[in-house]
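The values are calculated or read from the model by the stated rules, or taken from the named source; none is laboratory data. All of these numbers come straight from a predicted model, not from anything done at the bench. In this analysis, Cβ positions are derived from the backbone assuming ideal geometry, glycine residues included, and neighbour counts consider all displayed protein chains.
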Amino acid sequence: MFLAGTLLLALAACGGGGYEPTPVPTPAPTPTPGPSWSDVAPLRDAAAQAGRLVGAAVLSSLLGSDATYSGAAGRHFNYLTAEYEMKWDPVQRVQGQYDFSGGDAIVAFAESRGMRVKGHALVWHQALPDWVASLSPPELRIAFEDHIRTVAGHYRRRVHAWDVVNEAIDDSQAGLRSTVFSRGLGPDYVAEAFRLARKADPDAQLIYNDYGGEGQNRKSNDIYALVKDLKEKGLVDGVGLQMHLSAASFPAVADIRANIQRLADLGLQVNLSEMDVRVRDVAGDAATKLQRQRQVYRDVVGACVAVPRCEAVTFWGFTDAHSWVDATFGADDPLLFDEQYRAKAAFFGVEDAFFGR
Ligand code: G3I
């Protein structure tokens, strides 16, 4: 092997033999890391001057144990959502036994810093304990009413809003998704959930939250029809457009803005409720991906800022060190701070949107 290598090099050196070494591409420069979370101006200050709330989904375990996580969350946001701990499974894993510890820790963290909290989510077909599916329809109705009454009652006056029902519209056909609730309680379960929440916490803003209906499409039309009906019954106050996007393909910003506007025209508050922007499928080097991500964050948050009733922008996590995306879509970097909590270009894109730059 050594001899062959020597011969090849010799031939190459004298230009003989037609051997041209394949040029080794110069590796794309690794983007210069951004400034630390503690060295950039609080994002909530930018949001405040635009009259908006800015938030993140958080986990109480990290708030209580990771000083960097809790420091960055406390500095940049004024509106926290429980990523998991106020859902049915962690709250009532055993029927009749309620555990509010995780949600209470998030509320306590927020209250100590003058931040607001969004409850998430009273009714969702996922994150359900197994016992719910084992109930007969009459038993389910009792459990459904008890859960909403107990949980919304527990957090009364401590949350700004609730995601009352999450993801009830079907992905592939018109109307409601078939779930344990639609099958056991009938299609009116959505309105019933809002009635129960209204009674348990009359002061909370009641939100319908969903994904895949951010722009103009069949699903967004179904969401619009659902909340229009709920609004006419005085049951709903807002809509959460989750905004889980890929920077490689996502709804036209003009469609997102038009959708936000038509929901606002119903008299509803609108939230970008779970925003993250995946970049893995964007063509190009790391710097290209980061700039594309910045542009998407800037334009989509800008569509919210353009509509007065678009009250809040919440990111589904805030550091690439903790994102649901990695476990679901594979390794990606969808959020505003990198894994070392340094502000990415995306952070400045959001800041630009709030400042109208
Ligand atoms: O930490 C608990 C552990 O104590 C427990 O024993 C174990 C039991 O399975 O679960 C662990 O919690 C995990 C939790 O995330 C906290 O990390 C759950 O397994 C896991 O299922 C849960 O996933 C969450 C998922 O919703 C389901 O609840 C994701 O973090 C969260 O990002 C994701 O968020 C959803 C929104 O609520 C609705 N919109 C879509 C969005 C993404 O799927």
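Per-structure values
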quantity: Filter pass, residue 127 being touching a residue at least 60 places away in the same chain (Cβ under 8 Å) and in contact with an Asp or Glu (Cβ under 6 Å, 6 or more places away or on another chain); calculated: no
quantity: Contacts under 7 angstrom Cβ, first residue in the stretch 232-250 being more than 21 Å from residue 207 (Cα to Cα), partner at pLDDT 95 or above and within 13 Å of the ligand (Cβ to nearest atom), 6 or more apart; calculated: 246/278; 247/278
quantity: Hey, residue 318 of a type outside the set (S, T, N, Q), buried (at least 20 other Cβ atoms within 10 Å of the Cβ) and within 16 Å of the ligand (Cβ to nearest atom) or not; calculated: yes
quantity: Check on residue 292, away from the ligand (no atom under 16 Å from the Cβ) and within 20 Å of residue 351 (Cα to Cα); calculated: yes
quantity: Within the stretch 1-44, considering residues that are outside any strand (DSSP E or B) and touching a strand residue (DSSP E or B) at 6+ places or on another chain (Cβ under 7 Å), the one modelled with the lowest pLDDT; calculated: 33
quantity: Some residue of the stretch 348-357 being buried (at least 20 other Cβ atoms within 10 Å of the Cβ) and within 26 Å of residue 84 (Cα to Cα); calculated: yes
quantity: Count of residues meeting criterion [in contact (Cβ under 8 Å) with a residue 60 or more places away in the chain and in a loop (DSSP other than H, G, I, E, B)] in the stretch 143-171; calculated: 2
quantity: Test: residue in the stretch 90-104 that is among the basic types (Lys, Arg), within 16 Å of the ligand (Cβ to nearest atom) and surrounded by 17 or more Cβ atoms within 10 Å (Cβ to Cβ); calculated: no
quantity: Filtered residues of the stretch 154-205 (kept if under 20 Å from residue 267 (Cα atoms) and aromatic (Phe, Trp, Tyr)); calculated: 162, 194
quantity: Qualifying residues in the stretch 49-72 (those that are within 15 Å of the ligand (Cβ to nearest atom) and among the small types (Gly, Ala, Ser)) - the one farthest from residue 309 (Cα to Cα); calculated: 65
quantity: 3 or more residues among the hydrophobic types (A, V, I, L, M, F, W, C): qualifying strands (runs of 3 or more DSSP E) within the stretch 198-280; calculated: 269-278
quantity: Failed item in (1) in contact with a Cys (Cβ under 8 Å, 6 or more places away or on another chain); (2) part of a loop (DSSP other than H, G, I, E, B); (3) hydrophobic (A, V, I, L, M, F, W, C), with residue 283 passing the rest; calculated: (1)
quantity: Which numbered condition residue 288 fails, given (1) in a helix (DSSP H, G or I); (2) in contact (Cβ under 8 Å) with a residue 12 or more places away in the chain; (3) out of contact with any Asp or Glu (no Cβ under 6 Å at 6 or more places or on another chain); calculated: (2)
quantity: Breaking point among (1) crowded, with 20+ Cβ neighbours inside 10 Å; (2) under 18 Å from the mean Cα position of the chain (by Cα), for residue 290; calculated: (2)
quantity: In the stretch 107-140, the residues that are more than 16 Å from the ligand (Cβ to nearest atom), in a helix (DSSP H, G or I) and surrounded by 14 or more Cβ atoms within 10 Å (Cβ to Cβ); calculated: 107, 108, 109, 110, 139, 140
quantity: Test: residue in the stretch 253-271 that is within 16 Å of the ligand (Cβ to nearest atom) and either more than 30 Å from residue 146 (Cα to Cα) or free of Cβ contacts under 8 Å to residues at least 12 places away in the same chain (or both); calculated: no
